[in-house]
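In what follows, a single structure is set out as structure tokens and then discussed.
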Amino acid sequence: MTEGTVIKIGGSLMDIAGEILAEIPASPTLIVPGGGIFADFVRAESLDDEAAHWKAIDAMEKYGRFLSTYGYPVTHELKIPDKPTILLPKYILRKEDPLPHSWDVTSDSIAAWAAGVLKCCLLIVKSTESGDDLVDPEFERVLAQSGVTAEIINGRAFGSVRRYFEATRL
């Protein structure tokens, strides 16, 4: 495993995104944004899979830009940075295009793919930590192919992200 972490921050956590970001230590961390309300607008358009896929990637970029307003740098490169940095994924996904184009693939699977390429741990931060549709339908397959481990935590549980990083640094 490579040193570093890929952390996916769900778009449903937009209202507390600043608090979650503040819990990430100054360590090699690539932040993959969810799509949130921006992806919800795409879902409502009833587009074909191809158009919806790329518009949903645009939604991730919008949420990533929102996250960057908390003082975090952005990157278009798929590499583990020296400090917490937000991935704007459109460029790398256009270049690599590794995943099916359907709503079975969301930022969850994109984060799993990224962690697999980078050979590092994956942390998925959601609004909950249980439920039937916690991750997208392709997530488990992508994760299994990646050969990395993932942990899913509830970002609404104050301190959960900080505790994750403290536990993995022991």
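The values are calculated or read from the model by the stated rules, or taken from the named source; none is laboratory data. Fair warning: this is a prediction, and the values are worked out from it, not measured in the lab. No Cβ is skipped: glycine too gets one built from the backbone with ideal geometry, and neighbour counts run over all protein chains shown. Side chains are part of the model used for accessible areas, which takes the heavy atoms of the whole protein and leaves out ligands, DNA and RNA. Shrake-Rupley method; radii C 1.70, N 1.55, O 1.52, S 1.80 Å.
Three principal axis extents, largest first, for the C-alpha atoms of region 1-94, in Å?
40, 28, 21
Local charge sum around Ala112 (other residues, Cβ-Cβ under 10 Å, Lys/Arg +1, Asp/Glu -1)?
For residues surrounding Ala112, the net value is -2.
Under 5 Å between amide hydrogens, which residues at least 5 positions from Lys8 or on another chain qualify, with H placed 1.01 Å from N in the peptide plane?
Amide H neighbours of Lys8, under 5 Å, 5+ apart: Val32, Leu123, Ile124, Val125.
Output the peptides 34-41, 154-161 sorted from most to least packed, where packing is the average of other Cβ atoms within 10 Å over each peptide's residues.
34-41, 154-161
Summarise the accessible area of the chain (1.4 Å probe, protein heavy atoms) by the percent that is carbon and sulfur.
Here carbon and sulfur together make up 52 percent of the probe-accessible area.
Could you bin all the Cα-Cα distances of region 31-76 into 5 Å bins starting at 0 and give me the percent of pairs in each, rounded to whole numbers?
6, 24, 29, 19, 12, 7, 3, 0
Rounded to two decimals, what is Rg over Rh for region 127-170 when you use alpha-carbon atoms and the Kirkwood radius?
My calculation puts Rg/Rh at 1.03.
Could you tally the net charge around Asn154, taking each other residue with its Cβ under 12 Å from the Cβ of Asn154, Lys/Arg +1 and Asp/Glu -1?
Within the 12 Å Cβ shell, the charges total +1.
What is the local net charge at Ser27, summed over the other residues whose Cβ is closer than 13 Å to its Cβ (Lys, Arg +1; Asp, Glu -1)?
Taking every Cβ under 13 Å from that of Ser27, the sum is -1.
Among Pro84, Val32, Gly18, flag the residue with its Cα farthest along the positive direction of the charge dipole of region 2-101, charges on Cβ as +1 for Lys/Arg and -1 for Asp/Glu.
Most positive-ward Cα: Pro84.
So how do Tyr91, Tyr63, Tyr72 rank on accessible area, 1.4 Å probe, biggest first, that is with the largest at the start?
The ranking, largest first, comes out as Tyr91, Tyr72, Tyr63.
Return the long-range amide H neighbours of His101 (sequence gap of 5 or more, or a different chain), with a cut-off of under 5 Å between placed amide H atoms.
Sorted by chain and number, the residues that satisfy this come to none at all.
Which listed residue (Ala144, Leu122, Ala157) has the Cα farthest towards the positive end of the charge dipole for region 122-170, taking +1 on Lys and Arg C-beta and -1 on Asp and Glu C-beta about the Cα centre?
The residue sitting farthest along the positive end of the dipole is Ala157.
Principal axis lengths of region 76-170 from Cα atoms, whole Å, largest first?
Sorted largest first, the three principal extents are 36, 35, 22 Å.
Would you list the P(r) distribution for the chain, with all Cα-Cα distances sorted into 10 Å bins from 0 and each bin expressed as a whole %?
11, 44, 38, 8, 0
Give a quick list of GluC sites (Glu not before Pro) in region 66-150 that DSSP marks as loop, anything other than H, G, I, E or B, with at most 13 other Cβ atoms within 10 Å.
Sites meeting the loop and neighbour criteria: Glu77.
With θ set to phi - 60° and the Karplus curve 6.51 cos²θ - 1.76 cosθ + 1.60, what are the ³J(HN,Hα) couplings of region 149-159 in order, to the nearest whole Hz, using x for Gly and Pro?
For region 149-159, the Karplus curve yields 9, 9, 10, 10, 10, 8, x, 7, 8, 3, x Hz.
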